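Below is one structure, written out as structure tokens; comments come after it.
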Amino acid sequence: MQLTGVATVNDKCGWAFDLDTMTGFSLLVREVVSMTITRQDTDATGPLQGLEDGRSSVRLRAALAVGTTPDPRFVDKLVERCGIEPEFFVRDMLTWALTRHPVSVTLPALLREVRSERAQARSQALHTLSKIGDRRAWPAITRTLLADADDEVARSAWRTAVVLVPEGEEPALAAALATQLGRGEWEVQLSLSRALVALGEVIVPALRAATTACDPCVRAHALATQRLLRDPDTGFAFAIEDAKRVVALGGPAGRDDGTC
């Protein structure tokens with residue numbers, strides 16, 4: 001029996017609902033959906049705000065939280081934060097968090113970042129690309145990056161290039177890396193030697209050519225890298241010092257005609 005004056009609607013199963021009940025239910029659904037969306041927005045903004053906290057421990061926990069519960073909305077902020085985060089351990093956690101997100105989202109953002117004017121942004125983007133290991137990023141590893149004026153950017157580019165280099169491109173990469181022999185302090189030279197040695201025997205021609213360079217620092221670095229290739233257990237400190245002695249005593253030198 002239907003009450004007179006109450007508008008009803010029958011569903012397919014024969015149930016009768018008055019319009020007031022349906023309207024109330026609809027409003028309840030909208031309220032629940034609104035609360036859910038608000039909660040999702042809160043869940044997203046909480047960790048992101050933590051990434052900007054003045055305390056490194058809070059930023060570290062925030063990066064961990066973002067990586068534990070990946071959300072594509074986090075990616076741009078993570079990439080941006082990598083470029084300005086002062087603490088190494090937090091940057092490393094930011095990179096880990098990025099690797100937890102879909103490559104389809106992170107790759108475009110990181111490829112944009114390697115062209116940033118900020119050196120740390122370029123360096124950290126390259127580092128993250130090496131951890132993701134997607135070779136579609138290879139074209140972004142340009143000679144300009146491999147010879148970047150900033151040592152940390154160059155070191156990241158060397159390591160990333162070795163990870164991403166396509167099959168058959170190793171000799172060309174070895175030749176490009178060899179142009180940086182003799183560069184920088186001990187740590188920089190160690191990074192380059194490790195990158196070259198990781199390429200294997202394809203580096204031999206480039207190293208051989210470098211041992212006849214005019215610059216004694218280039219020659220010594222090439223000799224030390226040859227030593228590491230032959231005997232990976234040799235410490236770099238010993239290898240480079242021994243190579244410097246060889247060069248100082250008139251070992252592998254410039255061109256046969258005495259010119260440089």
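The values are calculated or read from the model by the stated rules, or taken from the named source; none is laboratory data. Values in this document were obtained by computation on a predicted structure and should not be read as measured data. Neighbour counts run over all protein chains shown; Cβ positions are idealised from the backbone, glycine included. Ligands, DNA and RNA are excluded from the accessible area calculation, which covers all protein heavy atoms including side chains. Shrake-Rupley method; radii C 1.70, N 1.55, O 1.52, S 1.80 Å.
Heavy atoms of the protein chains alone define the surface here; on that basis segment 188-248 has 45 Å² accessible area per residue at 1.4 Å probe size. The Cα center of segment 135-171 and the Cα center of segment 45-111 differ in position by 23 Å.
Calculated FRET efficiency, residue 111 to residue 88, Cβ-Cβ distance, R0 = 22 Å: about 0.40 to the nearest 0.05. The percentage of C-alpha pairs in segment 105-184 whose separation is greater than 22 Å is 17%. In segment 79-120, the portion of solvent-accessible area held by carbon and sulfur atoms comes to 53 percent [1.4 Å probe, whole percent, DNA, RNA and ligands not counted]. Each peptide in 170-177, 211-218, 189-196 was scored by the mean count of other Cβ atoms within 10 Å over its residues; highest first, the order is 189-196, 170-177, 211-218. With a Förster radius of 22 Å applied to the beta-carbon distance between residue 202 and residue 136, the computed FRET efficiency rounds to 0.45. As a calculated quantity, the FRET efficiency between residue 80 and residue 245 at R0 = 45 Å, using C-beta atoms, amounts to about 0.40. Calculated accessible area for segment 95-144 comes out at 52 Å² per residue, all protein chains present (probe 1.4 Å; ligands, DNA, RNA ignored).
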